[in-house]
Amino acid sequence: MSDAVPEPQEAEEARPAYEPAAPAPLDVPRAPTGNAEVDARLARLADADHLATDGHVEVYENVHRGLRDALTALDARPGPPGPPPPHENRS
């Protein structure tokens, strides 16, 4: 056994290849919400797992836009009819 320090070239060969910018899944769990439209938007977040970091923005903006539209649609749904307008008595 030798106590010699490996030459720099030998040390580089022994080091495993590592790409810090390579996409890696975050594996963030997502629980179903019960709303199919919202669940589909949240499922789209998994697309970012296969993209480099600079591609995440497009996915996040798309999901955000879809979730915002789903919330806006909740406000736009017709509710129960309101009371009838008061009759003006013009005598």
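What follows draws every value from the coordinates through simple rules; no lab data is involved. Note that the structure is predicted; figures quoted are calculated from it, not measured. So basically every Cβ, Gly included, is an ideal-geometry build from the backbone, and we count neighbours across all protein chains shown.
Between D54 and D75, what length comes free when the chain is fully extended (0.36 nm per residue of separation minus the Cα-Cα distance, one decimal in nm)?
Length gained between D54 and D75: 4.2 nm.
At 7 Å along the Cα-to-beta-carbon direction for both H64 and A40, put a label point, then send me their distance in nm to one decimal.
Label-label distance for H64 and A40, simple model: 2.2 nm.
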